[in-house]
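Quick notes on the structure that follows.
The values are calculated or read from the model by the stated rules, or taken from the named source; none is laboratory data. Given the structure is predicted, the values throughout are model-derived calculations rather than measurements. Note that each Cβ is placed from the backbone with ideal geometry, even for glycine, and that neighbours are counted across all protein chains shown. What goes into the accessible areas is simple: the full protein's heavy atoms, side chains included, and nothing from ligands, DNA or RNA. Shrake-Rupley method; radii C 1.70, N 1.55, O 1.52, S 1.80 Å.
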Amino acid sequence: RGIEGGYILKGDTDFDVELDDGTEFNDALDIDYKNGWEIDGVAGYDFGAWRLEGEIAYKWLEVEDIEVTDAFLDTIGDDVVVDDLGLDDDVTVLSGMVNALFDLGSDDGVSFYAGGGLGYASVEALDESEGAFAWQLIAGARAAVSENVDIGLKYKYFRTGDLDFANDFEGDAFSSSGHFASHSVLASLIF
């Protein structure tokens, strides 16, 4: 069992957009985030050389910039500024994952690990919430500070499957589809 927390160094979401009339725009919206934060709770079982763990994670990122392609902007109006789209200023992600990790090193000293996880994430963005399959890659190091406590540092790349949102601008409906991705560095306290 353990808790982890730290910074999200990079996050972005690229959205394809389809207007109500069927017109499609690939990567029409690109949302870039400022550094955010993440907190996780993990629990699992150590089988020796590898371990299996369940993870609940919460991520929060503030929107830094929303880029809109010229083609999409021309269609919805040249005088539109991104702020007029009424999009949220932040994005949150709640995920439940099952991770399989391979360990190298000593349980009594320093050890390294790597692996991945699969699960489900609920992403709140573009003024609504949407859920999708998610996966992640993990690498880290741990050091024993007592017989039952380890401290560590973990890197995590996280990505969702397609997120489908329905949006509206000045009465014109459009749908957007994309995925959320992030890079996190977390400190760990493991019991």
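Give region 21-32 a look and list any residue that's within 20 Å of the chain's Cα centre (by Cα) and either without any contact (Cβ under 8 Å) to a residue 60 or more places away in the chain or on the phi > 0 side of the Ramachandran plot (or both), or say none. Of everything in region 21-32, those that are within 20 Å of the chain's Cα centre (by Cα) and either without any contact (Cβ under 8 Å) to a residue 60 or more places away in the chain or on the phi > 0 side of the Ramachandran plot (or both) turn out to be 27, 30, 32. Would you confirm whether any residue within region 120-128 is at pLDDT below 85, within 25 Å of residue 33 (Cα to Cα) and crowded, with 19+ Cβ neighbours inside 10 Å? Scanning region 120-128 turns up at least one residue that is at pLDDT below 85, within 25 Å of residue 33 (Cα to Cα) and crowded, with 19+ Cβ neighbours inside 10 Å. Residues that are at pLDDT 85 or above and in a loop (DSSP other than H, G, I, E, B) do occur in region 95-109. Here residue 18 does not fit the description of being over 20 Å from residue 93 (Cα atoms) and free of Cβ contacts under 8 Å to residues at least 12 places away in the same chain.
Could you tell me whether region 99-112 includes any residue that is open to solvent by 60 Å² or more (accessible area, probe 1.4 Å) and closer than 30 Å to residue 16 by Cα? Looking through region 99-112, none of the residues is open to solvent by 60 Å² or more (accessible area, probe 1.4 Å) and closer than 30 Å to residue 16 by Cα. Number of residues in region 18-60 that are in contact with a helix residue (DSSP H, G or I) (Cβ under 8 Å, 6 or more places away or on another chain) and either among the hydrophobic types (A, V, I, L, M, F, W, C) or within 19 Å of residue 4 (Cβ to Cβ) (or both): the value is 4.
Of the strands (runs of 3 or more DSSP E) lying entirely inside region 1-77, those carrying at least 1 residues that are open to solvent by 30 Å² or more (accessible area, probe 1.4 Å) and at pLDDT 95 or above are 2-19, 36-46, 50-68.
Conditions (1) in contact with an Asp or Glu (Cβ under 9 Å, 6 or more places away or on another chain); (2) at pLDDT below 90; (3) open to solvent by less than 10 Å² (accessible area, probe 1.4 Å); (4) polar (S, T, N, Q), marked per residue:
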position	(1), (2), (3), (4)
141	no, no, no, no
150	yes, no, no, no
179	yes, yes, no, no
184	yes, no, yes, yes
187	yes, no, no, no
